[in-house]
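Engineer: Dumping the structure here so I can ask a few things about it.
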Amino acid sequence: MDGLLVDSEPHWRAAERNVFGQVGLNLTDEECKRTTGLPIPAVVDYWYVRHPWPERPGQTKGEIADAITAGAHDLIGRFAEPMPGAIAVLEFFGQQGIPAAIASASPMSLIELVVRRLNIGAYLTLWHSATLEARNKPAPDVYIGTARKLGVATADCLAFEDSGTGLLSAHSAGMHTVAVPADFEYDDPKFDLATFKIPSLTAFDQTFFDSLTH
């Protein structure tokens, strides 16, 4: 969802820079991009290992993660827009009669916020959060759980992912995958795992779909 359907990654990075700055960790936007696709608790752990801060009241790792999530919720709810091609892809699958679902590392509250913000509920059969599974991405749990809820085999699913972490999750679940990396990491070898790779959802059309099914 984040960075794939909704242009939320800049808002997540803004929230991270703001909250981490309060504990003396002043990150650049480029540094924040290192953890793209990781669940927020994992992002906090990543930076705590490299630049530990005193865990005073209000500044424990758990509280930092909660503050980042709250800040991102606020920004996304007010400012986020769909990624190029996102609505068209959802419309396409709807016209084909193919069920579509969100399988996100984000909490359910944020998934529902994005669904409302983009007004895409009618295109989706369901949405599912990895926070409701035993393990978050890059473990395959959320994709396996989503396929189970859809009543389909993972081998019959096509997963779209913009991050290496999410791609590994979908691949490990046994799904066919389409990687849609951001420009800054498009050539990163971690995306070689994908069945297909495209620069934007705008590149997904009838011709591309036909190539998948023949």
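Engineer: Quickly run through region 34-66 and pick out the residues that are open to solvent by 40 Å² or more (accessible area, probe 1.4 Å) and either in a helix (DSSP H, G or I) or in contact with a Pro (Cβ under 7 Å, 6 or more places away or on another chain) (or both).
Structural biologist: Across region 34-66, the qualifying residues are R34, P41, D45, Y46, Y48, V49, R50, K61, G62, E63, D66.
Engineer: Report the residue count in region 15-33 for those that are among the hydrophobic types (A, V, I, L, M, F, W, C) and open to solvent by 30 Å² or more (accessible area, probe 1.4 Å).
Structural biologist: Residues flagged as among the hydrophobic types (A, V, I, L, M, F, W, C) and open to solvent by 30 Å² or more (accessible area, probe 1.4 Å) within region 15-33 amount to 0.
Engineer: Name the single residue that is nearest to the chain's Cα centre (by Cα) among those in region 150-174 being of a type in the set (G, A, S) and part of a helix (DSSP H, G or I).
Structural biologist: Taking the candidates together, the pick is G166.
Engineer: Related question: Among the residues of region 70-87, what is the count of those that are among the β-branched types (V, I, T) and surrounded by 19 or more Cβ atoms within 10 Å (Cβ to Cβ)?
Structural biologist: So the count comes out to 1.
Engineer: Right, something else. Can you tell me how many residues in region 117-126 are hydrophobic (A, V, I, L, M, F, W, C) and either over 22 Å from E9 (Cα atoms) or open to solvent by 70 Å² or more (accessible area, probe 1.4 Å) (or both)?
Structural biologist: The qualifying residues number 2.
Engineer: Here's a follow-up. Show the residue pairs meeting these rules: Cβ distance below 6 Å; 6+ apart or different chains; first residue within region 191-203 and open to solvent by less than 70 Å² (accessible area, probe 1.4 Å); second residue part of a helix (DSSP H, G or I) and among the β-branched types (V, I, T).
Structural biologist: Pairs that qualify, where the first residue is open to solvent by less than 70 Å² (accessible area, probe 1.4 Å) and the partner is part of a helix (DSSP H, G or I) and among the β-branched types (V, I, T), are L201/V89.
Okay, residues lined up against (1) under 16 Å from the mean Cα position of the chain (by Cα); (2) touching a residue at least 60 places away in the same chain (Cβ under 8 Å); (3) buried (at least 17 other Cβ atoms within 10 Å of the Cβ); (4) part of a loop (DSSP other than H, G, I, E, B):
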position	(1), (2), (3), (4)
F92	no, yes, yes, no
S109	yes, no, no, no
E112	yes, no, no, no
V115	yes, no, yes, no
H128	yes, no, yes, no
P138	yes, no, yes, yes
V142	yes, no, yes, no
R148	no, no, no, no
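The values are calculated or read from the model by the stated rules, or taken from the named source; none is laboratory data. Quick caveat, the model's predicted, so the values are computed rather than measured. Note that we place each Cβ from the backbone using ideal geometry, even for glycine, and neighbour counts take in every protein chain shown. For the accessible areas, the whole protein counts, side chains as well, though only heavy atoms, and no ligand, DNA or RNA atoms are used. Shrake-Rupley method; radii C 1.70, N 1.55, O 1.52, S 1.80 Å.
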